[in-house]
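Peer 1: There's a structure below that I have some questions on.
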Amino acid sequence: MYSDLLPALVCPACHQPLTLAHDVRDAQGEILAGQLACARCSVYYPIYEGIADFLDTPRPLTPAQVTNEWPFTAWVYERGWRPFALTLLSREPFPYRRELPLMADLMQTQRGGLYLDVACSNGLYARALARTLGAAPGHVVGIDHSLPMLLQARRFAREAGLRISYVRAEAQGLPIAAERVAGVAIGGSLNEIGDLDACLEEARRVLQPAGRFVTMTLARAATRPGQLFQSLMATGGITFWSASVLVAQFAAHGFHTVEQRQYGLVMFHLALPANNALAV
Ligand SMILES: C[S@@+](CC[C@H](N)C(=O)[O-])C[C@H]1O[C@@H](n2cnc3c(N)ncnc32)[C@H](O)[C@@H]1O
Ligand SMILES: [Zn+2]
């Protein structure tokens, strides 16, 4: 992680600011090791291999989430599956050169500020956000609960020369202060995130009033065989919603949906905090 993130970091348990100690940095200023202390909880969150780790307790994991803890999944994810995923799921050509500008267009990173790629896996959206942020003042953070995914994400970011902080945390317990974030992106992860209500609640808490919430989610199939297959996936912890159900879920947590674009099963969704003037 980088010191750019420090002012926005809080203890995920009590939301108090954290104090950095024993930090070791590299020539680029990345904090490779150290401790983040919460004085109120008397807890230390370690930083190692450049990753701030807020998860030390065992978490209830679904079968889908367990597979993302395997180093093999982390290695193969962006090398073997991700480049083809949207083309297969939308049934139309959907390479990164189409997907990533679409996501960035909805996010509007030229506003600057702090951007989160939540449940980031190998950090595809985090890198795209960092690239489009360019020289605008701001910072990008990739968050996931799988350490192998984060280690791979950090490797990719460093190879690309991008300054991105990586944090191990739950989407339902972000170590980020309230109303600090200009944009939250969740690419393909809402389907397996677990407690959707708590995840949307956290996104709402950390977003600034003018913040933007961009998700790419797999929609509920329209055909009976597709629905049967998705019911099977549900037993492994993967849930699918129709566009209207997702809009209602967002609304229940104080978001107003301003745009939805659906291509086959692939659904891009832009939601704004309901008190944002643009959201009316
Ligand atoms: C489908 S992959 C994400 C894809 C990635 N965002 C992309 O666009 O390439 C799902 C990821 O979500 C993470 N994940 C699932 N549930 C999570 C949770 N509750 N909190 C944090 N990460 C979670 C998994 O570890 C996995 O890396
Ligand atoms: Zn605390």
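The values are calculated or read from the model by the stated rules, or taken from the named source; none is laboratory data. As the structure is a prediction and not an experimental result, all values here were calculated from the model. Glycine gets a Cβ as well: all are built from the backbone with ideal geometry, and neighbour counts include every protein chain shown.
Peer 1: Quickly run through the range 169-184 and pick out the residues that are among the hydrophobic types (A, V, I, L, M, F, W, C) and within 8 Å of ligand 1 (Cβ to nearest atom).
Peer 2: Restricting attention to the range 169-184, the residues satisfying the condition of being among the hydrophobic types (A, V, I, L, M, F, W, C) are 169, 171, 174, 176-178, 181-182, 184.
Hits for the range 169-184 are ALA169, ALA171.
Peer 1: Between residues in the range 90-101 that are within 14 Å of THR132 (Cα to Cα) and residues that are assigned to a helix (DSSP H, G or I) and among the hydroxyl-bearing types (Ser, Thr, Tyr), which pairs lie under 9 Å by C-beta distance while being six or more apart or on different chains?
Peer 2: Listed pairs, sorted by first residue: LEU100/TYR125; LEU100/THR132; PRO101/THR132.
Peer 1: Can you name the residue in the range 1-32 that is near ligand 2 (Cβ under 10 Å from one of its atoms) and assigned to a strand (DSSP E or B) and is also surrounded by the most Cβ atoms within 10 Å (Cβ to Cβ) among such residues?
Peer 2: Selected residue: VAL10.
Residues checked against (1) among the hydroxyl-bearing types (Ser, Thr, Tyr); (2) at pLDDT below 95; (3) under 19 Å from ARG91 (Cα atoms):
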site	(1), (2), (3)
ASP197	no, no, no
ARG212	no, no, no
MET233	no, yes, no
VAL258	no, no, no
LEU265	no, no, yes
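Peer 1: Turning to a different aspect of this structure: Residues to consider are GLU159, GLU192, GLU170; find the one that is under 26 Å from TRP70 (Cα atoms), within 16 Å of ligand 2 (Cβ to nearest atom) and either over 14 Å from the mean Cα position of the chain (by Cα) or not hydroxyl-bearing (Ser, Thr, Tyr) (or both). Can you show your working first?
Peer 2: On the way: GLU159 fails: within 16 Å of ligand 2 (Cβ to nearest atom); GLU192 fails: within 16 Å of ligand 2 (Cβ to nearest atom).
From the options GLU159, GLU192, GLU170, the qualifying one is GLU170.
Peer 1: With the structure loaded, tell me whether THR67 is away from ligand 2 (no atom under 16 Å from the Cβ) and either touching a Ser or Thr at 6+ places or on another chain (Cβ under 8 Å) or at positive phi (or both) or whether it fails that test.
Peer 2: Numbers: away from ligand 2 (no atom under 16 Å from the Cβ): yes; either touching a Ser or Thr at 6+ places or on another chain (Cβ under 8 Å) or at positive phi (or both): yes.
Yes; evaluated as a whole, the condition is true for this residue.
Peer 1: Here's a follow-up. Can you tell me which residue in the range 113-144 is farthest from ligand 1 (Cβ to nearest atom), limited to those that are surrounded by 18 or more Cβ atoms within 10 Å (Cβ to Cβ), more than 19 Å from ILE193 (Cβ to Cβ) and free of Cβ contacts under 8 Å to residues at least 40 places away in the same chain?
Peer 2: This residue is LEU133.
Peer 1: Say whether the condition of being surrounded by fewer than 17 Cβ atoms within 10 Å (Cβ to Cβ), under 19 Å from LEU6 (Cα atoms) and in contact with a helix residue (DSSP H, G or I) (Cβ under 6 Å, 6 or more places away or on another chain) is met by at least one residue in the range 173-187.
Peer 2: Yes, the range 173-187 has at least one match.
Peer 1: Could you tell me which of the residues GLN110, GLN152 is touching a residue at least 60 places away in the same chain (Cβ under 8 Å) and not in a strand (DSSP E or B)? Talk me through it step by step, then tell me what you get.
Peer 2: Working: GLN110 fails: touching a residue at least 60 places away in the same chain (Cβ under 8 Å).
After applying the criteria, what remains is GLN152.
Peer 1: On to the next question. Go through LEU61, LEU55, LEU89, LEU32 for me and flag whichever is within 14 Å of ligand 1 (Cβ to nearest atom) and in contact with a Lys or Arg (Cβ under 7 Å, 6 or more places away or on another chain).
Peer 2: So the residue among LEU61, LEU55, LEU89, LEU32 that is within 14 Å of ligand 1 (Cβ to nearest atom) and in contact with a Lys or Arg (Cβ under 7 Å, 6 or more places away or on another chain) is LEU55.
Peer 1: Could you please let me know if GLU69 is near ligand 1 (Cβ under 10 Å from one of its atoms) and not in a helix (DSSP H, G or I)?
Peer 2: Details: near ligand 1 (Cβ under 10 Å from one of its atoms): yes; not in a helix (DSSP H, G or I): yes.
Yes, satisfied.
Peer 1: From ARG82, ARG98, grab the single residue that is in a helix (DSSP H, G or I) and surrounded by fewer than 17 Cβ atoms within 10 Å (Cβ to Cβ).
Peer 2: Values: ARG82 fails: surrounded by fewer than 17 Cβ atoms within 10 Å (Cβ to Cβ).
Checking each option against the conditions leaves just ARG98.
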